[in-house]
1. Give the residue that is modelled with the highest pLDDT, with candidates limited to residues of region 84-99 that are β-branched (Val, Ile, Thr) and surrounded by 10 or more Cβ atoms within 10 Å (Cβ to Cβ).
2. So in region 14-35, with the set limited to residues that are within 21 Å of VAL101 (Cβ to Cβ) and β-branched (Val, Ile, Thr), which one is surrounded by the fewest Cβ atoms within 10 Å (Cβ to Cβ)?
3. Report whether or not ARG62 is at pLDDT 85 or above and assigned to a helix (DSSP H, G or I).
Amino acid sequence: METAWQPSVYEQALISILRTLPAERVMQILDYARYIQSQTSEDFFILDDDETEEEILADEARWDAQFAATQDGLKKMADKVRADIRAGRTIPVASDTMPRVAGLHYGAIWASDDFDEPLP
């Protein structure tokens, strides 16, 4: 019988990652884990009632075909980017050096109690 949980592998990987993070990030991971725990497997496989499996498969086939048709263009763009990097025509992307602070703007944004109700 196959088990879904292999504590030795998953626990060790999570613990090794958690040990490298600051406390506030660990709390975020714990909060997310609790959220995932509260979900049922059915929540991840919700289909649109109006869409059949055949329609979904046909849509995926269209996406696959469109993606395959763009490969030459994507390769050309990637080659140009590599050339620009090698030639020194690029600059680093600026990033915030300040960490995000949870709750910094508490109360500045709110959602009405009926935000997820169907529209009229």
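1. Taking region 84-99 first, the residues β-branched (Val, Ile, Thr) are 85, 90-91, 93, 97.
Adding the requirement that they be surrounded by 10 or more Cβ atoms within 10 Å (Cβ to Cβ) leaves 85, 90.
On the way: ILE85: 92, THR90: 89.
It comes out as ILE85.
2. If we take residues in region 14-35 being within 21 Å of VAL101 (Cβ to Cβ) and β-branched (Val, Ile, Thr), then THR20 is surrounded by the fewest Cβ atoms within 10 Å (Cβ to Cβ).
3. Details: at pLDDT 85 or above: yes; assigned to a helix (DSSP H, G or I): yes.
When the stated conditions are applied, ARG62 passes them.
The values are calculated or read from the model by the stated rules, or taken from the named source; none is laboratory data. Source: prediction; values computed, not measured. Cβ: placed from backbone, ideal geometry, glycine included. Neighbour counts: every protein chain shown.
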